[in-house]
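Here the structure comes first, spelled out in structure tokens, and everything after it is commentary.
The values are calculated or read from the model by the stated rules, or taken from the named source; none is laboratory data. Keep in mind the model is a prediction, meaning the values are calculated, not measured. The area values use the complete protein model at the heavy-atom level, side chains included, leaving out ligands, DNA and RNA. Shrake-Rupley method; radii C 1.70, N 1.55, O 1.52, S 1.80 Å.
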Amino acid sequence: MKVLIRGAGVTGLTLAHELSSRGADVTVVDSRRQVAGNASWQAGGMLAPWCELESAEETVLTLGRGAADWWDAALPGHVMRNGTLVVAAARDVAELDRFGRRTSGYRAIDAEAIAALEPDLEGSFVSALFFNEEAHLDPRQALLGLQQKLARMGVRFEFGYGAVHRPSADVEADCTGITGQLTGLRGVRGEMLILRTSEVALARPVRLLHPRIPVYVVPRSCNLFMVGATMIESDAAGPITARSVMELLNAAYALHPAFGEAELVETGTGIRPAFTDNLPRVEREGNTIRTNGLYRHGFLLAPAMAVKAAAMILGTETEKERADEAHH
Ligand SMILES: Cc1cc2nc3c(=O)[nH]c(=O)nc-3n(C[C@H](O)[C@H](O)[C@H](O)COP(=O)(O)OP(=O)(O)OC[C@H]3O[C@@H](n4cnc5c(N)ncnc54)[C@H](O)[C@@H]3O)c2cc1C
């Protein structure tokens with residue numbers, strides 16, 4: 001079967017992997033010139049379904065708990081399974097209680113245990129929540145790694161082509177993120193920055209809770225740290241605002257003062273595609289499949305959505321899946 005996938009973000013590439021692994025003849029088309037710059041490129045790369053329960057429905061945990069295994073199988077060596085550490089300043093300790101009430105899959109730990117996990121945070125926080133089963137990856141390495149693997153598997157890539165480009169295919173899969181054609185889609189702007197310092201080492205994503213401006217810091221290789229992310233109800237893709245830079249930098253500095261001396265090597269903005277319920281969807285219309293709305297869970301939920309969309313395209317859905325789709 002010939003499948004044309006529109007969109008080389010995490011949604012399109014994971015679907016290409018599922019389809020190509022099952023023998024489909026896949027072409028991926030993207031209006032950009034390369035796999036870079038889209039929402040997926042700006043992501044933190046956290047695979048954190050238990051932490052996300054703070055603001056997400058149980059479905060996100062159900063769909064996302066297998067994500068680390070999927071990525072590990074698709075791209076061995078990319079997934080770091082070191083958990084997530086959630087901390088709050090002493091004056092914001094009520095935030096830690098609130099976060100704990102809304103989530104699951106963690107243990108509350110004291111200052112000694114924090115220092116054992118993250119020696120550079122020794123003495124900074126008296127208590128924390130440790131989500132042992134969570135994982136993270138470098139989203140840019142993962143996207144590029146997936147693209148290279150797919151090319152080796154025979155998937156064709158055509159960059160720099162928009163909607164008018166229509167190579168022949170039996171099925172078209174729309175994975176175009178915020179420009180997608182599903183009704184009810186909205187954009188949620190996320191701003192981030194990347195710092196470089198050799199003065200701090202972290203083994204895992206650390207979330208710093210705050211009543212107004214919660215942030216996270218995700219360690220990457222080469223002394224890089226991704227600091228994110230704002231959540232703004234807007235699809236304006238312009239540069240990061242001065243206020244957001246200040247807030248993200250303040251929070252990084254609050255986590256560790258050495259971030260104050262770090263190099264600010266990049267700022268970025270990504271627009272998360274979301275539906276009103278903030279849950280992803282796969283829909284079919286004729287021989288077009290649309291999969292979208294991965295919101296703040298692209299790397300976490302794309303594997304499950306790709307499995308679902310591939311089954312729909314290849315006609316291998318279970319009776320239950322077909323019934324659910326009809327009901328939807
Ligand atoms: C700052 C930030 C941090 C985030 N952190 C995390 C995280 O830690 N963990 C997590 O799981 N998720 C995270 N997310 C969410 C995640 O990035 C998104 O859910 C995900 O990127 C959505 O992927 P997508 O492939 O649907 O869209 P995109 O990545 O936007 O890809 C869509 C692609 O379609 C292409 N396109 C558009 N129109 C056309 C057309 N007509 N023809 C051809 N191509 C077209 C675009 O050029 C683009 O490449 C974060 C998001 C942001 C912004």
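DSSP finds beta bridges in the chain, and of those with both partners inside it, around 65 percent are antiparallel.
The apolar share of the surface of region 9-55, taken as the fraction of accessible area on carbon and sulfur atoms (1.4 Å probe, ligands and nucleic acids excluded), comes to 37 percent.
Protein heavy-atom surface of region 117-181, 1.4 angstrom probe: 47% of the accessible area is carbon and sulfur, with nucleic acids and ligands not counted. For region 12-62, the solvent-accessible area of protein heavy atoms averages 35 Å² per residue (probe radius 1.4 Å; ligands and nucleic acids excluded). Classification of region 191-328 by its C-alpha gyration tensor yields a prolate form. The axis ratio a/c (a ≥ b ≥ c) is 1.5 or more, and a/b outweighs b/c. Entry note, the chain: relative contact order of 25 percent, from Cα contacts under 8 Å with a spacing of 6+ residues. The eigenvalues of the Cα gyration tensor, multiplied by 5 and square-rooted, give the chain an equivalent ellipsoid with semi-axes of 35, 21, 18 Å from largest to smallest. Accessible area per residue for region 184-328, computed on protein heavy atoms with a 1.4 Å probe, is 46 Å². How large, in percent, is the carbon and sulfur part of the accessible surface of region 210-326 at a probe radius of 1.4 Å? Carbon and sulfur atoms account for 53 percent of the accessible area of region 210-326.
For K320, the lysines whose Cα comes closer than 25 Å to its Cα, not counting residues fewer than 8 places off in the same chain, are K308. One Cα centroid belongs to region 145-214, the other to region 246-312; the line between them spans 7 Å.
Only helices enter this figure: runs of n ≥ 4 DSSP H residues, each worth -39500 (n - 2.57), summed and divided by the residues of the chain, yield -9000 deg cm²/dmol at 222 nm to the nearest 500. Sorted largest first by accessible area at a 1.4 angstrom probe radius, with every protein chain in place, the residues M1, M46 fall in the order M1, M46.
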